[in-house]
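In what follows, a structure is listed as structure tokens, so that the remarks can point back to it.
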Amino acid sequence: PEQERKLIEAALAESRGRIAGPSGAAAKLGIPRSTLETKIRKLGIPKHRFKPA
């Protein structure tokens, strides 16, 4: 899960906290948005942290 967390956090950082859409983290990881949402919740990743101020 640590590796998975790093991958998800990197994708979120790259997509500036965006999950859905062509430029979203789910697309970058090649997984459905709902799957990514579940993983983020399960791993306790604070996705708002990646949104630009």
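The values are calculated or read from the model by the stated rules, or taken from the named source; none is laboratory data. All figures in this text were calculated on a predicted structure; none of them were measured in a lab. Every residue, glycine as well, gets a Cβ built from its backbone with ideal geometry; the counts of neighbours run over all protein chains shown. What goes into the accessible areas is simple: the full protein's heavy atoms, side chains included, and nothing from ligands, DNA or RNA. Shrake-Rupley method; radii C 1.70, N 1.55, O 1.52, S 1.80 Å.
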Applying the selection to the range 23-33, what residues are open to solvent by 60 Å² or more (accessible area, probe 1.4 Å) and in contact with a helix residue (DSSP H, G or I) (Cβ under 7 Å, 6 or more places away or on another chain)? 28, 32, 33
If you check 20, 10, which single one turns out to be open to solvent by 40 Å² or more (accessible area, probe 1.4 Å) and part of a loop (DSSP other than H, G, I, E, B)? 20
Pairs with Cβ under 7 Å, 6+ apart, first in the range 1-26 and more than 20 Å from residue 53 (Cβ to Cβ), second open to solvent by 60 Å² or more (accessible area, probe 1.4 Å) and assigned to a helix (DSSP H, G or I): 20/33; 26/33
Scanning the range 42-53 for residues that are within 13 Å of residue 4 (Cα to Cα) and open to solvent by 60 Å² or more (accessible area, probe 1.4 Å) gives 42
